[in-house]
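Here's the structure, in structure tokens; my notes come after.
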Amino acid sequence: MKKTKIGGQAVLEGVMMRGESSLALAVRDENGEIRIDSKRLKSKKPWYRKVPFIRGVVNLVISMVEGMRIISKSAEVVVEEVDTSDGKGMGAMMTFSILLGLALAIFLFVFLPTQLTDWLMLLFKTDARWLKSLLEGVFKLLVLVGYMSAITLMSDVKRLFMYHGAEHKTIACYENELPLTVENVKKCSRYHDRCGTSFIVFVLLISIVVMYAVEAIFFACGIGYIMYIVWARFLIKLALLPITAGVSYEFLMLLACSNFILFRPFKWFGKLMQRLTTREPDDGMCEVAITAFRTVLLMDADPTVEEKHFPKPLPFATVRQQMQEEGCFEGVEQRDINWMIANCLNIPEDKLKDDLSIPFGWQTRLRRAFHRCKVGEPMQYVMGSIEFFSRKFKLTDNVLIPRQETELVCEQALKHIENGDKVLDLCCGSGVLGVTIALERKTKVVLADVSQKALDVARKNAKINKSKVKLVRTDMFRHIKGKFDVIVCNPPYIETDVIDTLDDSVKNYEPHLALDGGKDGLRFYRILALNAHKYLFDDGVLVLEIGYNQGQTVPELLKERYETKVIKDYGGNDRIVIAKLKKGN
């Protein structure tokens, strides 16, 4: 097996590889292209990075600082937050993030295990030092496993761990002397002896031994009482961290260069923990890791290979001018351009100053967003959100785009709803009607739709707007239980044969399931006419959105059981039917 000194780190949508004389960061951008940022390292390491035990502590600090820098660098290509503070806020934010991370680590792995151990020792009325050290070690490992398991539930962290797996597999592929292809990389192990996860595990294990030894020395010197003082024990542990880190680093290096039988249990335990921090990568992730690795191999072998760098951030004024010249804004109203840009960047529109620095990743996203509009995709789907009743709602192409007329439907419905009422939003789609009603009135709202994908969007919108609603998947009334004071419904009402004649932005992008109202567009109104009264209290009300040519046909369907009223929209078209249940129905 061929050994290599090349190591790596997973970053946002990419991998960093570090060799003896070079470093390469490969990141996949918004367009799917792999971008490379490489640089040469100082050929001669300072003495303190060579001395055993000292080098472990130094390398740990350098790795933390460099790791944050690399992650920040990857954010230039991957879409992250745009800094609107003229560059002054980024450094402070990075510093704050590091300090917060250190504080969290100290709390989780120093303070919490100590407190849990003290409580348990007090509970069992024992002061056995060996037991105290053992329990602290067990609690540290449990906290580590619990923390790692919890963060893997986050989709972004899961992808990061997949890139971590790609990094390990690529190094393993090279060390197994296989050609660096995606197929070969995917077949290799995602575990590596020099992984930082193993280092963390060894730090925890060795800290138990080191702490026990220090306690023994303190008791032998007659000052063991110090170990029972909480704050003193806490400070001693902090002071021992550099020693523990130095020893752990040397132990990790020793295990990496030997397969001695006594070392195998420690290797196994380290690799067991790596099951949490690595995931099987997809082909694209392996390709990114291979690109970074090959770049380092080439630069280490040939000192004449030039460095590569990510495209630089540009001022907003320059980016806007470039996009204007490229024709990116075609098909978008002039008044909507800055609004779209601000929404894409996730910043207020008034922050769009000419000198605002736009990272390359965001430049790519902006161009993609405007290109989607240029080819006919509705702006609301491109933005992924819409404002309704002055609230922001998530939007995908699994639901219809709420129109201005739908706000009018909501206004009319609210006139018939009082606090404490029960409301059913049937054919809820994105849930804008039901969620808004729940927020505007203290009501019990049920959101119902036949599409699970639509309900998923509605659920997110309820969560985003902190609205407590119940969601039911049902084909009209099939799984609806109980009665309601008001049923509000915006059903599909377009005639089947008419759908193909609609504007491209509608027929090519909006879900036909939410458009198709049957041959005459009245299919769902017939279901409402036959069944809605069974789910309404006495004097209950139906509030229905209708097509502009259905102002007579829908009331006709409802006249047997309801007193109806037709309300026009802002364009003078019949748009809403208010149907109040007649007595005796």
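For the range 510-530, the set of residues classified as outside any helix (DSSP H, G or I) and crowded, with 17+ Cβ neighbours inside 10 Å consists of GLU510, PRO511, LEU515, ASP516, GLY517, GLY521, LEU522, listed by residue number. In the set (1) open to solvent by 50 Å² or more (accessible area, probe 1.4 Å); (2) of a type in the set (Ser, Thr, Tyr); (3) within 25 Å of GLU306 (Cα to Cα), the condition left unmet by SER22 is number (1).
When the range 427-467 is filtered for residues that are open to solvent by 20 Å² or more (accessible area, probe 1.4 Å), among the β-branched types (Val, Ile, Thr) and more than 20 Å from TYR535 (Cα to Cα), only ILE464 remains. Based on what the data block shows, is GLY14 within 25 Å of LEU254 (Cβ to Cβ), of a type outside the set (A, V, I, L, M) and in contact (Cβ under 8 Å) with a residue 24 or more places away in the chain? It is false that GLY14 is within 25 Å of LEU254 (Cβ to Cβ), of a type outside the set (A, V, I, L, M) and in contact (Cβ under 8 Å) with a residue 24 or more places away in the chain. Here is the figure for the range 295-308: residues that are touching a residue at least 60 places away in the same chain (Cβ under 8 Å) and part of a helix (DSSP H, G or I) total 5.
Of all residues in the range 218-243, those that are open to solvent by 80 Å² or more (accessible area, probe 1.4 Å) and either assigned to a helix (DSSP H, G or I) or aliphatic (A, V, I, L, M) (or both) total 6.
Pairs are defined by a Cβ separation below 6 Å, a sequence spacing of at least 6 or placement on different chains, a first member in the range 205-217 that is open to solvent by less than 50 Å² (accessible area, probe 1.4 Å), and a second member that is polar (S, T, N, Q) and part of a helix (DSSP H, G or I); the pairs so defined are ILE206/THR244; ILE206/SER248; SER207/THR244; ILE208/SER133; VAL210/THR244; MET211/SER133.
Scanning the range 42-53 turns up no residue that is basic (Lys, Arg), in contact (Cβ under 8 Å) with a residue 60 or more places away in the chain and farther than 25 Å from ALA172 by Cβ.
Checking the structure you have, find out if any residue of the range 282-294 is among the acidic types (Asp, Glu), free of Cβ contacts under 8 Å to residues at least 60 places away in the same chain and open to solvent by 30 Å² or more (accessible area, probe 1.4 Å).
Step one: filter the range 282-294 for residues among the acidic types (Asp, Glu), giving 282-283, 287.
So of that shortlist, the ones also free of Cβ contacts under 8 Å to residues at least 60 places away in the same chain come out as none.
No, the range 282-294 contains no residue that is among the acidic types (Asp, Glu), free of Cβ contacts under 8 Å to residues at least 60 places away in the same chain and open to solvent by 30 Å² or more (accessible area, probe 1.4 Å).
LEU134 meets the stated requirement of being open to solvent by 70 Å² or more (accessible area, probe 1.4 Å) and at pLDDT below 90.
Remark: pairs (first residue in the range 357-384, over 20 Å from LEU502 (Cβ atoms) and open to solvent by 10 Å² or more (accessible area, probe 1.4 Å); second residue of a type in the set (Asp, Glu) and at pLDDT 90 or above; Cβ separation under 8 Å; 6+ apart in sequence or on different chains) = ARG367/GLU326.
Just a yes or no: is a residue in the range 257-267 open to solvent by 60 Å² or more (accessible area, probe 1.4 Å), closer than 30 Å to VAL145 by Cβ and polar (S, T, N, Q)? Checked the range 257-267: at least one residue is open to solvent by 60 Å² or more (accessible area, probe 1.4 Å), closer than 30 Å to VAL145 by Cβ and polar (S, T, N, Q). Looking only at the range 531-571, residues that are assigned to a strand (DSSP E or B), among the hydroxyl-bearing types (Ser, Thr, Tyr) and open to solvent by 40 Å² or more (accessible area, probe 1.4 Å) come to 1 in all. Scanning the range 309-351 for residues that are among the small types (Gly, Ala, Ser), assigned to a helix (DSSP H, G or I) and either free of Cβ contacts under 8 Å to residues at least 24 places away in the same chain or touching a Cys at 6+ places or on another chain (Cβ under 6 Å) (or both) gives a single hit, ALA342.
Screening ASP539 on (1) at pLDDT 95 or above; (2) on the phi > 0 side of the Ramachandran plot shows it passes everything except condition (1). LEU141 fulfils the conditions (1) touching a helix residue (DSSP H, G or I) at 6+ places or on another chain (Cβ under 8 Å); (2) more than 30 Å from ALA239 (Cβ to Cβ); (3) assigned to a helix (DSSP H, G or I) except for a single criterion, (2).
Among the residues of the range 403-426, the one identified as under 30 Å from the mean Cα position of the chain (by Cα) and either more than 23 Å from PRO511 (Cα to Cα) or open to solvent by 20 Å² or more (accessible area, probe 1.4 Å) (or both) is ARG403. Of GLY284, GLY270, all but one fail to be assigned to a helix (DSSP H, G or I) and within 30 Å of ARG40 (Cα to Cα); the exception is GLY284.
Does ARG233 satisfy being at negative phi, among the basic types (Lys, Arg) and over 36 Å from the mean Cα position of the chain (by Cα)?
Working: at negative phi: yes; among the basic types (Lys, Arg): yes; over 36 Å from the mean Cα position of the chain (by Cα): yes.
Yes; evaluated as a whole, the condition is true for this residue.
Evaluating PRO359 against the criteria (1) farther than 30 Å from ASP449 by Cα; (2) in contact with a Phe, Trp or Tyr (Cβ under 8 Å, 6 or more places away or on another chain) leaves one unmet condition, (2). Screening the range 368-395 for residues that are in a loop (DSSP other than H, G, I, E, B) and closer than 24 Å to LYS460 by Cα and picking the one that is farthest from the chain's Cα centre (by Cα) gives PHE389.
Could you list, in sequence order, the residues of the range 277-301 that are of a type in the set (Asp, Glu) and over 16 Å from MET17 (Cβ atoms)?
GLU280, ASP282, ASP283
Among the residues of the range 385-401, those identified as open to solvent by less than 20 Å² (accessible area, probe 1.4 Å) and either closer than 21 Å to GLY571 by Cα or among the basic types (Lys, Arg) (or both) are PHE388, ILE401. Can you tell which of LYS169, LYS186 is part of a helix (DSSP H, G or I), at pLDDT 85 or above and open to solvent by 70 Å² or more (accessible area, probe 1.4 Å)? Being part of a helix (DSSP H, G or I), at pLDDT 85 or above and open to solvent by 70 Å² or more (accessible area, probe 1.4 Å) holds for just one of LYS169, LYS186, which is LYS186. Just to be sure I understand, how many residues within the range 436-455 are outside any helix (DSSP H, G or I), in contact with a Lys or Arg (Cβ under 9 Å, 6 or more places away or on another chain) and within 16 Å of VAL488 (Cα to Cα)? Number of matching residues: 8. Quick one: in the range 318-340, which of the residues that are hydrophobic (A, V, I, L, M, F, W, C) and open to solvent by less than 40 Å² (accessible area, probe 1.4 Å) is farthest from THR364 (Cα to Cα)? For the range 318-340, the residue satisfying everything is VAL332.
Beta carbons closer than 9 Å, at least 6 apart along the sequence or on distinct chains, pair a first residue in the range 481-510 that is closer than 15 Å to GLY434 by Cβ with a second that is of a type in the set (A, V, I, L, M, F, W, C) and open to solvent by 50 Å² or more (accessible area, probe 1.4 Å) for PHE484/PHE537; ASP485/PHE537.
The values are calculated or read from the model by the stated rules, or taken from the named source; none is laboratory data. In this text the structure is predicted, and so the values were computed from the model without any measurement. Note that we place each Cβ from the backbone using ideal geometry, even for glycine, and neighbour counts take in every protein chain shown. Side chains are part of the model used for accessible areas, which takes the heavy atoms of the whole protein and leaves out ligands, DNA and RNA. Shrake-Rupley method; radii C 1.70, N 1.55, O 1.52, S 1.80 Å.
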